[in-house]
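Note sheet for the following structure.
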Amino acid sequence: QIVNPPKDLKKPRGKKCFFVKFFGTEDHAWIKVEQLKPYHPHKEEMIKINKGKRFQQAVDAVEEFLRKTKGKDQASSHNSNEEKNRRNSSEERGKQSTGEEKRKASLSEGKLKKGTGEGKKRVSSVSSERGSKSPLKRAQDQSPRKRGRPPKDEKDLTIPESSTVKRVMTGTVAGFKWPPSVSEPVKDSDPHFHHFLLSQTEKPAVCYQAITKKLKVCEEETGSTSIQAADSTAVNGSITPTDKKIGFLGLGLMGSGIVSNLLKMGHTVTVWNRTAEKCDLFIQEGARLGRTPAEVVSTCDITFACVSDPKAAKDLVLGPSGVLQGIRPGKCYVDMSTVDADTVTELAQVIVSRGGRFLEAPVSGNQQLSNDGMLVILAAGDRGLYEDCSSCFQAMGKTSFFLGEVGNAAKMMLIVNMVQGSFMATIAEGLTLAQVTGQSQQTLLDILNQGQLASIFLDQKCQNILQGNFKPDFYLKYIQKDLRLAIALGDSVNHPTPMAAAANEVYKRAKALDQSDNDMSAVYRAYIH
């Protein structure tokens, strides 16, 4: 739906575009005209192409909006007819009243002809006053506010066109994924940062000014800021890739999807991986090959890295032909690995000591979200570098948060994965308990999917277990590593983490059963052996 952008949101340069609201998630983005089509003529065609739950939810939201709009139009028409009838009735009464006044005035005038000239003058004056304002006019002035017209603060703040112009994304760039997300606006001078607006945190009808105010208050309270694309795959036509040369080290489950999306969005990327064969596919897609991490860093402006654990992150920077050897003043390094705060702080210090700029940016998500460009990025460190990475973050993720000084993103990421890992262990525990007590596991899933815990994560992981399919989307060994680091984080501040500790033991048991390289949902096997 085409809507009015907030007053302080600049329109991107280049081709003509509209500010669009995405139904189903209430996200917003600037979309180029050629990527829009009218809703009704193309509805059936798009429904045939896109059969996912999210797309259907979006269609349902559009239909609900149209239904409500139609209801409002009918109510407005009804109120308009009532108003018209009221006016006609008032005019009729006015005519009758005017005729009566004329008759009385005529009688009075006949009587007054016998009076003095002063009397004539007084009658003339009264008649003039009555003539200056008709009974109908007086009735309108004294009548209450017209029905059917809400006061200004109750009006729907979308522009008139938005009530009739409904457009949907088209082409391969429109994956018709409708991600839920929420975050805050970035204050920055890079116009690319303003190509996308945060999703609303209120109901769709709430005014943008209220949203902006709420976000600003949130930023003041938390110190974090963020930027988001409504869906980087759906709105990639609006991403203007940075002209900086990008390097990427590490092409694992997460890194592969990230690099693919960077290339799709038009970035110039040089890749390196410890196993060189993994680079071949990306070379075919247009990437350049770097022979060593040092070479990639020395030839690129911003180099990203995404590796498995603290040891791998340190070896990549400090090892032979490592990142540090390619760092010189002005070179930028962004570590997207999930590691502990001490490790990332050490890496930041050595990078900065050589005149480089450092940003930590671990990502929350899995292989599928990485492939879809729907990761959540948690960043901390050099704020200017964060802003320089805007088009890259928009290509690889749906939301990015800036959390302040180095170490904050590492801590937050470990806490997020601690919650996720503990939840996964609880899901497995519940399914096995259902099985041993004679209850249907499928029925348990159906019940959970209808309750407050319903989520894509819950459904996917339960389906993995029910189907016995543990193809890795997030390695079990890595979630166990994150639980271990989160527990250590709690120990460092003397904070108890008994739930995480219990979950960690279950994952360790699963690793002992050779489940390390399976998906985290394989923790289920720790309960059945």
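The values are calculated or read from the model by the stated rules, or taken from the named source; none is laboratory data. As the structure is a prediction and not an experimental result, all values here were calculated from the model. Cβ placement follows ideal geometry from the backbone for every residue including glycine, while neighbour counts extend to all protein chains displayed. These area figures cover heavy atoms from the full protein model, side chains too; ligands, DNA and RNA do not enter into them. Shrake-Rupley method; radii C 1.70, N 1.55, O 1.52, S 1.80 Å.
At what distance in nm do the modelled label points of D514 and D342 sit from each other, each positioned 7 Å from its Cα along Cα→Cβ?
3.4
Hey, rough spin-label estimate for D459 and Q57, points 7 angstrom out along Cα→Cβ, what's it come to in nanometres?
Each label point lies 7 Å from its Cα, and together they span 0.8 nm.
For region 319-409, rounded, prolate or oblate, judged on the Cα gyration tensor with a ≥ b ≥ c (square roots of eigenvalues), a/c < 1.5 rounded, else prolate if a/b > b/c?
Working: a/c = 1.72, a/b = 1.69, b/c = 1.02.
The shape class here is prolate.
Taking only C-alpha pairs under 8 Å that are 6+ residues apart, what is the relative contact order of region 226-406 in percent? Intermediate results must be reported in sequence, preceding the final value.
On the way: 406 pairs, mean separation 47.9, N = 181.
It comes to 26 percent, rounded to a whole number.
So, with a 1.4 angstrom probe, what is the percent of accessible area on region 413-526 that is carbon and sulfur?
The nonpolar share, carbon plus sulfur, comes to 55 percent.
If I take R0 = 45 Å and measure r between the Cβ atoms of Q439 and S353 in this structure, what FRET efficiency does the formula 1/(1 + (r/R0)^6) give, to the nearest 0.05? Mind dumping the intermediate values first?
On the way: r = 59 Å, r/R0 = 1.32.
My answer for the efficiency is 0.15.
Highest mean first, how do 466-475, 341-350, 389-398 rank when packing is the count of other Cβ atoms within 10 Å averaged over residues? Let's see the in-between values first.
Working: 466-475: 15.3, 341-350: 19.5, 389-398: 26.8.
Descending mean neighbour count gives 389-398, 341-350, 466-475.
Run the quick spin-label model on K245 and E44: label points 7 Å from Cα toward the beta carbon, then report their separation in nm to one decimal.
That separation, rounded to one decimal, is 5.4 nm.
With a ≥ b ≥ c taken as the square roots of the eigenvalues of the C-alpha gyration tensor of region 342-491, please select rounded if a/c is under 1.5 and otherwise prolate if a/b is larger than b/c or oblate if it is not?
prolate
Provide the descending list of Cα extents for region 413-526 along its principal axes, expressed in whole angstroms.
42, 31, 25
Using the Kirkwood radius over C-alpha pairs as Rh, can you work out the diffusion coefficient of region 226-406 via Stokes-Einstein at 37 °C, viscosity 0.692 mPa s, in µm² per second?
209
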